[in-house]
């Protein structure tokens, strides 16, 4: 159990997917202008990451042991189809939820965080529950980074930024500072 | 940035779904074929390299034994042979080194746990009769360059693991009492150094009874 | 789509439409594995290979790929080349392969590669697709080395593992950590924006001078 909690904490804070591994940068740069949208994007991510983790585990356990060279192909194909199925199911079952998450789901397919999760989970040889906690941690971490970024950007809008720093340059420098701040969390896992 | 390409609605070019499935199947088969060929071509080199690295690491931490073999943990006991049709990587293993007279010189154990950044993976060798360490090597770590990676690069620290006796106790550099269990920590990398000590103690506690119970007699007939 | 000359196809991607520095595509590898020049180069070469292979295949096969499933087919082609690159790197340069780790497999989701297939290779003859792939691939590699160069020089005081400053240099460790990746790209963009802005100002001054001279004449 302590093992699972360590995985969760370490993935949210110490090895944050966005700020330490640069995964999921596209939404991080693209939809982090408003806290509201950032939060929804984060939720959609947690959802898809969790399902991906389960699928990757199934693939690894039952299929890929014999054909490791098909790993990348099967992961990406399964993820792409999965997101589409999830989209259809949500649309049918809960139109309200679809309205909230809908437009973000297709965007997530090509998000490197999803494939990244599947591959990292494989490389680290996580079992089912470790993978699940890893996925939830990764999703929470992405959400945290997105929301922090969005709230800083909302404030930065009111500041007078020199012309050459507007846009991506500013976002990247803010991200760098956030990443540095998160470095302070290192060592949490080995405390006590 | 957004990796969503500008997807236009595909024009209907009249391809039937059977045609689509056939195209995808052919593409998939071609891809699979290419991958199998490359896999077969590269795999021997990859495996040979991995084995060479493992051999070097075991050799290093057991102070270059004349030979060594792998022992597997099967049903709570260390054995030389795997059960019939078992997959090798499903079993935990330790290595045992022998001198030129085929008498055991020590055991090498691989173990990992959380360090400062991420998991730290260590291999160490020790003599089960005295508990004396024979060597330690960090196999994998993502510790901070310039600080935590001293557990790999600081030879004063690494060198101690040829002298000390398990179980280990970390002490501040220079404040030791001369006890053989004491390991001097690294200034500025306390957490990483402590992680290494914990890894060794954990592994020692777990494997030492198993290793002591292992009977070399008759198992080494080559 | 606007017609272009072969020369434009080749050179456009190298600087004017550089995938990383101008279009902001493929940021994940450009930030994640550029802590040394060696890693940056290896990543650049692997990406170049995947892009070239995918563009060639897509351009050759474009007639047979049904429009409905073209994205899936492109991804499948890209994933195949990525796996080939992954295994070849592991067999040839295991040390570098270990450092790049999962990020080689992640070339699949490098939006730059899929983008080139959808926007260019699927619509053009093979020769042009190859020229475009070479240009964009080179542009990506240049950006990778620009990132890796700054980070290695400041963060380790060396270039391609050759020490530059002697023993007294205290490396800026932060530059080879993740934060350094964000900061380096941020400052490169600042620099490039400043340069572009200056050029614009100069042109304005020049134009103003010219028109005033004309008026005087």
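The values are calculated or read from the model by the stated rules, or taken from the named source; none is laboratory data. Bear in mind that the values here come from a model prediction, so they are computed numbers and not experimental data. Cβ coordinates were reconstructed from backbone atoms using ideal geometry, including for glycine residues, and neighbour counts include every protein chain displayed.
What to note about this one:
- Residue within the range A:148-158 that is assigned to a helix (DSSP H, G or I) and surrounded by 21 or more Cβ atoms within 10 Å (Cβ to Cβ) present: yes
- The residues listed here are C:69, C:50, C:58, C:82; of these, the one that is facing chain B (nearest Cβ under 9 Å) and under 23 Å from residue A:80 (Cβ atoms) is C:69.
- Note on the range C:84-133: residues that are part of a helix (DSSP H, G or I), without any contact (Cβ under 8 Å) to a residue 60 or more places away in the chain and under 24 Å from residue A:121 (Cα atoms) amount to 17.
- Each residue in the range B:77-102 was checked for being in a loop (DSSP other than H, G, I, E, B) and touching a helix residue (DSSP H, G or I) at 6+ places or on another chain (Cβ under 8 Å), and 1 of them qualify.
- Test: residue B:157 is in contact with a strand residue (DSSP E or B) (Cβ under 9 Å, 6 or more places away or on another chain), buried (at least 21 other Cβ atoms within 10 Å of the Cβ) and not in a strand (DSSP E or B): yes
- Extreme residue, farthest from residue C:104 (Cα to Cα), among residues of the range C:3-29 that are more than 10 Å from chain B (Cβ to nearest Cβ), touching a helix residue (DSSP H, G or I) at 6+ places or on another chain (Cβ under 8 Å) and not in a loop (DSSP other than H, G, I, E, B): C:6
- Residue match in the range C:92-99 (condition: touching a helix residue (DSSP H, G or I) at 6+ places or on another chain (Cβ under 6 Å), facing chain B (nearest Cβ under 7 Å) and surrounded by fewer than 20 Cβ atoms within 10 Å (Cβ to Cβ)): yes
- Note on the range B:41-62: among residues that are within 20 Å of residue B:136 (Cβ to Cβ) and surrounded by 15 or more Cβ atoms within 10 Å (Cβ to Cβ), the one that is farthest from the other protein chains (Cβ to nearest Cβ) is B:62.
- Residue tally, condition surrounded by 21 or more Cβ atoms within 10 Å (Cβ to Cβ) and within 14 Å of chain B (Cβ to nearest Cβ), over the range C:141-156: 5
- Of all residues in the range B:20-40, those satisfying the criterion of being exposed (fewer than 15 other Cβ atoms within 10 Å of the Cβ) and either out of contact with any helix residue (DSSP H, G or I) (no Cβ under 8 Å at 6 or more places or on another chain) or at the interface with chain C (Cβ under 8 Å from one of its Cβ atoms) (or both) are B:21, B:22, B:25, B:26, B:29, B:33, B:37, B:40.
- Cβ pairs under 6 Å, 6+ apart, first in the range A:181-192 and more than 13 Å from residue A:6 (Cβ to Cβ) and at the interface with chain B (Cβ under 10 Å from one of its Cβ atoms), second at pLDDT 60 or above and not in a helix (DSSP H, G or I): A:186/B:116; A:186/B:117
- Selection from the range B:146-200 of residues that are more than 19 Å from residue B:126 (Cα to Cα), modelled with pLDDT of 80 or more and touching a helix residue (DSSP H, G or I) at 6+ places or on another chain (Cβ under 6 Å): B:185, B:186, B:189, B:191, B:192
- Consider the range A:60-70 and keep the residues that are within 14 Å of chain C (Cβ to nearest Cβ) and modelled with pLDDT of 85 or more. The one that is farthest from residue C:28 (Cα to Cα) is A:60.
- Residue count for the range C:182-205, restricted to those that are more than 15 Å from residue C:18 (Cβ to Cβ) and more than 7 Å from chain A (Cβ to nearest Cβ): 10
- Candidates C:129, C:208, C:105 - the one that is more than 27 Å from residue A:21 (Cα to Cα), surrounded by 18 or more Cβ atoms within 10 Å (Cβ to Cβ) and over 14 Å from the mean Cα position of the chain (by Cα): C:129
- Among the residues of the range A:119-130, at least one is on the phi < 0 side of the Ramachandran plot, more than 13 Å from every other protein chain (Cβ to nearest Cβ) and surrounded by fewer than 22 Cβ atoms within 10 Å (Cβ to Cβ).
- Those residues of the range A:18-44 which are farther than 14 Å from residue A:149 by Cα, within 14 Å of chain C (Cβ to nearest Cβ) and in a helix (DSSP H, G or I), in sequence order: A:20, A:21
- Search result, residues across the range C:22-39 that are within 10 Å of the chain's Cα centre (by Cα), crowded, with 20+ Cβ neighbours inside 10 Å and touching a residue at least 12 places away in the same chain (Cβ under 8 Å): C:25, C:26, C:27, C:29, C:30
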